[in-house]
Amino acid sequence: MLSASEVNEMLKQEEIFNFIGIKFEKLERGYARLKFNFNEKLTRIGGILHGGIIFSAVDYAGSYAVRTLENVKDGVTVELKINFLKPMKDGPFIVEARIISEGKRLIVVDISAYDGNGNLCAKALGTWVVYRDASSGTQLSS
């Protein structure tokens, strides 16, 4: 399993990751936590974090929670539903993802986004299809 610092280094090549300023803080089996700071460029009119930015951070967290599983070399988002509960305007922001159902091909992840005051501001549920190493015997075809 990759460490948080290895993932941060690898994802430096993705513009959206850099634009948001995401940094993974913790990765362990079935769990990922990332953090990013408030930046005016990430807001919509009214000075609150844009929903698309929150959605992207939630997607990153869920994707890397999935990649902590044994023999998973990649995971692709199949479905992601998000409820925006409170405006996010005070950073730093924390997004945590926990796997709640692990099948051979489909993984369901519960994701929570918090503002800098610890308020739950967004709640998401997503499904990822996983691509496993050939050695696991469950590799999917494209």
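What the table shows:
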{"read-out": "Any hit, segment 71-89, residues being polar (S, T, N, Q), under 17 Å from residue 5 (Cα atoms) and touching a residue at least 40 places away in the same chain (Cβ under 8 Å)", "value": "no"}
{"read-out": "Scope segment 1-36; condition surrounded by 15 or more Cβ atoms within 10 Å (Cβ to Cβ), aliphatic (A, V, I, L, M) and more than 23 Å from residue 83 (Cβ to Cβ); matching residues", "value": "4, 7, 11, 27"}
{"read-out": "Which numbered condition residue 110 fails, given (1) buried (at least 16 other Cβ atoms within 10 Å of the Cβ); (2) touching a residue at least 24 places away in the same chain (Cβ under 8 Å); (3) touching a Leu at 6+ places or on another chain (Cβ under 7 Å); (4) not polar (S, T, N, Q)", "value": "(2)"}
{"read-out": "Residue ID - nearest to residue 122 (Cα to Cα), chosen from residues in segment 37-77 that are of a type in the set (Phe, Trp, Tyr) and buried (at least 21 other Cβ atoms within 10 Å of the Cβ)", "value": "60"}
{"read-out": "Any strands (runs of 3 or more DSSP E) falling wholly within segment 1-111 and containing at least 3 residues that are at pLDDT below 95", "value": "72-84"}
{"read-out": "From the options 59, 74, 90, residue that is out of contact with any strand residue (DSSP E or B) (no Cβ under 8 Å at 6 or more places or on another chain), at negative phi and of a type in the set (Asp, Glu)", "value": "90"}
{"read-out": "Pairs, first surrounded by fewer than 18 Cβ atoms within 10 Å (Cβ to Cβ) in segment 114-132, second of a type in the set (Ser, Thr, Tyr), C-beta under 7 Å, six or more apart", "value": "120/112; 120/114; 123/112"}
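The values are calculated or read from the model by the stated rules, or taken from the named source; none is laboratory data. Model, not experiment: these values are computed from the prediction. Don't worry about glycine lacking a Cβ; one is built from the backbone with ideal geometry, like all the others, and counts go over all protein chains shown.
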